[in-house]
Amino acid sequence: MKSKADAPLTPAVLHILLALSTEERHGYGIMKQVERESHGKVKMGPGTLYGSLGRMMDAGLIREGDKRVDPAMDDERRIYYTLTGPGRKALSAELDRYREVVAVATEKRITPNAFADGI
């Protein structure tokens with residue numbers, strides 16, 4: 001039986017973990033990074049972002065860092081978020097799941113346009 005920690009991640013959580021995988025970011029920075037990394041296909045609003053961040057902190061996947069000024073933004077102090085060890089493990093496990101799915105699709109020779117005609 002799989003534990004809750006091994007459960008697949010929601011798309012929002014996956015994108016947030018990816019955004020935090022290289023450096024600490026504040027909320028607005030996470031939203032912009034997700035949008036950049038998804039080439040504009042994923043736009044996360046504040047409700048989704050901060051709701052997800054709260055659940056992720058409760059689950060131990062991320063933690064709050066220090067409050068500090070983002071010189072590129074303004075004088076306002078912002079809370080930065082960072083991955084924890086369990087957060088890195090969850091991201092790694094999720095990426096392994098995606099690799100397995102892609103391997104199956106490759107083995108079946110399913111191409112990105114295989115179902116374009118709706119067949």
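The values are calculated or read from the model by the stated rules, or taken from the named source; none is laboratory data. This structure is a prediction, so every number in the text was calculated from the model and none was measured. For neighbour counting, all protein chains shown are included, and Cβ atoms are generated from backbone atoms with ideal geometry for every residue, glycine included.
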Condition broken by Lys108, with the remaining ones in (1) modelled with pLDDT of 95 or more; (2) closer than 22 Å to Pro8 by Cβ; (3) not β-branched (Val, Ile, Thr) satisfied: (1)
Residue match in the range 58-66 (condition: modelled with pLDDT of 95 or more and among the small types (Gly, Ala, Ser)): yes
